[in-house]
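What follows is a set of notes on a single structure, which appears directly below.
The values are calculated or read from the model by the stated rules, or taken from the named source; none is laboratory data. No experiment lies behind these values; they were computed from the predicted model shown. So basically every Cβ, Gly included, is an ideal-geometry build from the backbone, and we count neighbours across all protein chains shown.
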Amino acid sequence: MLGKGIGSLIILLVFTVSITEVFAITESERTTIIDPKLVNAFGNSLGNSINVDQQVQISADVMNNQEKTQKIAYIVQVKNENGFVVSVGWVVGVELNPHQKFEQSISWIPKESGIFTAEIFVWEGFPWKHNAVSEQTSLEISVS
């Protein structure tokens, strides 16, 4: 029996609710390809007109739009004016931290003149998985 002056026993439970802002990101929005361009070995922009046998870098910035680190593959496919693939190159294992922007490039030496299109892709899991994590970007190149 409880003595006088001792009131009811009160149990106080405190719940903490944490709200984290979340937004939906589609597969192709996980990274963004920014500023595709042709550069020389020193990173200087060359414009879109180059010469046969001139070594260039097909370069772009890749931005991780996620809150987590991700590994990506930077892939460049060059097509001639007839739509035939004349070159394919890639860099795998690039790790981007959350919201990191990283410049990546692939070397190319054109062997003939004409109008070419460089198509730039960013995928995860290449070559075994083929999940695009950005929209493809293209760059037109004139070779004389």
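Every condition in (1) surrounded by fewer than 14 Cβ atoms within 10 Å (Cβ to Cβ); (2) of a type in the set (S, T, N, Q); (3) under 26 Å from residue 45 (Cβ atoms) is met by residue 82 except one, and the failing one is (3). Within region 39-59, residues that are under 14 Å from residue 118 (Cβ atoms) sit with their Cβ atoms under 9 Å from residues that are hydroxyl-bearing (Ser, Thr, Tyr) and in a loop (DSSP other than H, G, I, E, B), at 6+ positions apart or across chains, in these pairs: 49/144; 50/144.
Would you mind stating whether residue 124 is acidic (Asp, Glu) and loosely packed, with under 14 Cβ neighbours inside 10 Å?
Numbers: acidic (Asp, Glu): yes; loosely packed, with under 14 Cβ neighbours inside 10 Å: no.
So residue 124 fails the test.
Test residue 14 against the criterion of being out of contact with any helix residue (DSSP H, G or I) (no Cβ under 6 Å at 6 or more places or on another chain), surrounded by fewer than 13 Cβ atoms within 10 Å (Cβ to Cβ), among the aliphatic types (A, V, I, L, M) and at pLDDT 85 or above, and give yes or no. For residue 14, the condition - out of contact with any helix residue (DSSP H, G or I) (no Cβ under 6 Å at 6 or more places or on another chain), surrounded by fewer than 13 Cβ atoms within 10 Å (Cβ to Cβ), among the aliphatic types (A, V, I, L, M) and at pLDDT 85 or above - is not met. Residue 102 falls short on exactly one of the conditions (1) within 18 Å of residue 33 (Cβ to Cβ); (2) surrounded by fewer than 12 Cβ atoms within 10 Å (Cβ to Cβ); (3) not aliphatic (A, V, I, L, M), and that condition is (2).
Every listed requirement among (1) outside any strand (DSSP E or B); (2) touching a strand residue (DSSP E or B) at 6+ places or on another chain (Cβ under 7 Å); (3) closer than 22 Å to residue 39 by Cβ; (4) not β-branched (Val, Ile, Thr) is met by residue 111 save one, (2). Considering only residues in region 114-135 that are among the aliphatic types (A, V, I, L, M) and assigned to a strand (DSSP E or B), the one that is nearest to the chain's Cα centre (by Cα) turns out to be 122.
Residue selection: residue 41 satisfies the criterion of being out of contact with any Asp or Glu (no Cβ under 9 Å at 6 or more places or on another chain) and either over 17 Å from residue 94 (Cβ atoms) or at pLDDT 95 or above (or both). If we keep just the residues of region 24-55 that are of a type in the set (Asp, Glu) and more than 18 Å from residue 77 (Cα to Cα), which is surrounded by the most Cβ atoms within 10 Å (Cβ to Cβ)? Among those that are of a type in the set (Asp, Glu) and more than 18 Å from residue 77 (Cα to Cα), it is 29.
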